[in-house]
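What follows is a set of notes on a single structure, which appears directly below.
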Amino acid sequence: MRAAEAFRIALEALRVNRLRSTLTMLGVIIGVSAVVVLVAVGTGAKNAVESEIAGLGSNIILVVPGRLGVGALPTQSRLDLADVAYVRRVVGDPSKVTVSAPSGETVRVGRTEAFVTVTGTDENLPNIFDRPLRRGRYLSETDVDTRRRVAVLGSEVATTLFGDVDPIGRQATISGVRFRVVGVYETVGATFGVNRDQEIHIPVTTAQRLLGVTRINGIAVGASGPDEIEPLQRRVVDALVERYPGERFSAVTQTQLLGTIGTVLGMLTGVLAAIAGISLLVGGVGVSNIMLVSVRERTREIGLRKALGARQRDVLAQFLIEAVLLTTIGGVIGILLGVGGALLIAGLSPVPAAVTWWSVALAFGVSVAVGVFFGVAPARRAGRLDPVIALRAE
Amino acid sequence: MTPDLPPSPGAGAADGPASGAAAFEAAGLTRSYQLEGVSVDALRGVDLRIDPGEFVAVVGPSGSGKSTLMHLLGCLDRPTSGTLRVNGVDVSTLSDTRLAELRNRAIGFVFQSFHLLARTPALENVALPLVYRGVPRAERRERAREALESVGLGHRLDHRPSQMSGGEQQRVAIARALVGDPRVVLADEPTGNLDTRNGAEVMAILDRLNAERGVAVVLVTHESEVAARAHRQIHVRDGLIEHDSGTAGGPPERGGRTGPSEAE
């Protein structure tokens with residue numbers, strides 16, 4: 001028997017039992033689309049976080065007191081500006097070190113009020129972070145030295161407070177103190193769920209005096225190249241530990257963050273895919289079950305085909321192809337639904353979803369394999385039926 | 001119309017199907033089944049020869065072993081002991097695959113309950129044996145159409161079995177048995193599920209088939225009127241041939257032959 005003929009017979013059998021075929025496929029459809037959607041969501045989340053980190057700038061080392069890690073308690077910072085100066089000396093290039101001292105404050109313009117993160121920093125910030133300006137200027141060295149009450153606004157803060165009006169040169173009241181707006185940043189989006197467009201940057205010296213901030217939260221160091229990151233990171237941490245014996249300091253780099261987050265999200269995606277894979281397996285069991293029913297139901301047909309000259313392998317091929325068609329058609333429908341679902345999620349919700357070709361290829365391959373794996377036993381049973389007994393079956 | 005070729009007894013040992021060989025040649029054929037641990041002998045030693053072009057009725061009460069004999073002759077089953085040659089080929093030497101090919105080429109089946117694929121049009125039902133012979137689709141359809149026309153169903157090509165009467169369904173089944181040009185048609189109670197008129201029509205077709213094409217017809221039945229239409233009656237009882245009108249007690253090799261002229 002020709003292969004084309006076997007396909008025709010199998011398709012015919014599926015068509016004749018349309019409802020049953022559809023229900024059986026449903027298991028595979030759900031499994032495959034779940035795999036595609038969940039992998040897309042997992043991959044999308046990973047891509048989004050990675051691009052956020054990459055969007056910060058390049059070759060950044062973040063130095064924070066205490067131990068950094070998942071579940072570690074936040075450590076009360078004991079770093080101050082003197083320590084920043086110390087790190088500057090250790091690094092050697094003062095312009096490659098900046099500082100962060102954030103605090104939640106209310107900011108007001110006329111009757112408009114907003115609660116935002118006000119971060120004390122200095123003129124070196126744009127040397128390390130990728131933070132383009134939309135209008136005006138960055139904080140200057142003079143701003144920091146003379147404790148000027150000037151502010152650079154995140155794009156969303158600017159819109160919230162000033163609407164369409166150009167904020168440069170205008171006044172904003174932060175925690176009851178009037179500041180002059182000297183710059184507005186470009187929109188950069190969120191990092192780790194913190195919306196950086198909702199930030200206001202003021203000189204760190206001004207922040208310490210007016211907002212009652214004395215400590216600083218972290219120091220950021222910019223390395224001159226990727227090869228310099230690790231030695232610099234070690235040098236800074238060692239220097240701080242030497243200055244404060246018995247205390248811990250942590251320094252993380254983008255690469256480490258990327259690696260850690262990539263691993264975590266990759267594992268998450270794997271777990272999601274595995275759960276979806278289990279549903280695909282259940283779908284496969286359904287296929288096996290239905291094929292067994294089908295073989296029993298069509299015992300007389302099998303007997304007849306054998307009497308008319310069908311060989312064992314003809315009958316086996318017929319039922320195996322039927323099972324594989326069942327799962328493959330289900331797989332293709334599942335892939336279409338999964339891709340559609342992922343695009344829908346990406347379009348309608350903030351969850352990023354990126355369909356990956358490997359998940360589609362894997363889902364297709366697995367659905368074909370499920371058909372073969374779960375179809376073989378029923379098909380063999382069909383092929384081995386004794387024609388005399390099969391012809392007599394009810 | 002096959003001319004009468006006197007078969008040479010015992011010369012069917014050649015490996016391939018020889019044109020001069022008997023259609024069936026059985027010697028000491030037995031078949032026993034294991035039913036719940038008990039061995040039941042359905043056939044207890046049958047010697048039989050059926051030549052090409054014969055029209056034979058196998059008659060016997062139910063449980064006599066005639067169906068078992070039919071299954072053995074049709075190569076659907078294998079004997080427990082004894083030898084069976086089909087067209088000169090010893091079937092015990094054949095693998096299941098070769099046996100399937102032999103069924104496909106040498107034998108046409110007609111069953112009591114028609115055994116048509118219910119949701120498949122008549123044309124496709126008839127073409128089914130050719131599917132397993134690897135005949136291309138267009139040729140299959142052509143030959144199936146011819147076969148259906150030869151049983152008077154040229155106007156029913158696209159009808160499904162459910163849209164046809166029992167008599168028509170059995171004629172479709174006969175067309176299916178014919179389509180592969182077999183040397184033998186085995187008909188198992190072909191009129192058993194039909195009324196008298198349709199039964200007569202089916203018998204007339206089998207008769208014509210035998211007379212005009214020289215196809216050997218082996219008919220299993222328990223109806224004596226049906227059996228009487230055959231030219232030779234083999235009575236089976238308790239797993240043995242009780243009486244063979246063709247051989248009349250003689251050796252099976254000298255089986256009585258009925259030429260097509262006598263069929264008219």
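Working only within the stretch B:106-117, note down all residues that are buried (at least 22 other Cβ atoms within 10 Å of the Cβ) and not aliphatic (A, V, I, L, M).
B:G108, B:F109, B:F111, B:F114, B:H115
Anything in the stretch B:118-136 that is surrounded by fewer than 21 Cβ atoms within 10 Å (Cβ to Cβ) and at the interface with chain A (Cβ under 8 Å from one of its Cβ atoms)? List them, or say none.
B:R119, B:T120, B:R133, B:G134
Could you list, in sequence order, the residues of the stretch B:103-117 that are outside any helix (DSSP H, G or I), facing chain A (nearest Cβ under 7 Å) and within 19 Å of B:R141 (Cα to Cα)?
Selection gives B:L117 alone.
If you go through the stretch B:137-150, how many residues are buried (at least 22 other Cβ atoms within 10 Å of the Cβ) and either within 13 Å of chain A (Cβ to nearest Cβ) or closer than 18 Å to B:R105 by Cα (or both)?
So the answer is 3.
Only one of B:S67, B:S95 is within 14 Å of another protein chain (Cβ to nearest Cβ), among the hydroxyl-bearing types (S, T, Y) and free of Cβ contacts under 8 Å to residues at least 60 places away in the same chain; which?
Answer to the selection: B:S95.
Are any residues in the stretch B:61-86 farther than 17 Å from A:V388 by Cα and surrounded by 24 or more Cβ atoms within 10 Å (Cβ to Cβ), and if so, which ones?
Answer for the stretch B:61-86, where residues must be farther than 17 Å from A:V388 by Cα and surrounded by 24 or more Cβ atoms within 10 Å (Cβ to Cβ): just B:V86.
A:T173 - would you say it is more than 27 Å from the chain's Cα centre (by Cα), hydroxyl-bearing (S, T, Y), under 16 Å from A:D122 (Cα atoms) and open to solvent by 10 Å² or more (accessible area, probe 1.4 Å)?
The answer is no for A:T173.
So which residues in the stretch A:184-204 are surrounded by fewer than 18 Cβ atoms within 10 Å (Cβ to Cβ) and of a type outside the set (D, E, K, R), if there are any at all?
A:T187, A:G189, A:A190, A:T191, A:F192, A:G193, A:V194, A:N195, A:Q198
Say we look at the stretch A:282-307 and pick out the residues that are farther than 18 Å from A:R8 by Cα and without any contact (Cβ under 8 Å) to a residue 40 or more places away in the chain; which of these is most open to solvent (accessible area, probe 1.4 Å)?
Once the filter is applied, the top-ranked residue is A:R296.
With the condition kept exactly as written, say whether any residue in the stretch A:254-262 is out of contact with any strand residue (DSSP E or B) (no Cβ under 7 Å at 6 or more places or on another chain) and closer than 20 Å to A:V36 by Cα.
Looking through the stretch A:254-262, at least one residue is out of contact with any strand residue (DSSP E or B) (no Cβ under 7 Å at 6 or more places or on another chain) and closer than 20 Å to A:V36 by Cα.
For residues in the stretch A:309-336 being open to solvent by less than 10 Å² (accessible area, probe 1.4 Å) and of a type in the set (A, V, I, L, M, F, W, C), which is farthest from the other protein chains (Cβ to nearest Cβ)?
For the stretch A:309-336, the residue satisfying everything is A:A323.
The values are calculated or read from the model by the stated rules, or taken from the named source; none is laboratory data. As the structure is a computational prediction, the values presented were derived from the model and not from experiment. Note that each Cβ is placed from the backbone with ideal geometry, even for glycine, and that neighbours are counted across all protein chains shown. Accessible surface areas use protein heavy atoms only, side chains included; no ligands, DNA or RNA. Shrake-Rupley method; radii C 1.70, N 1.55, O 1.52, S 1.80 Å.
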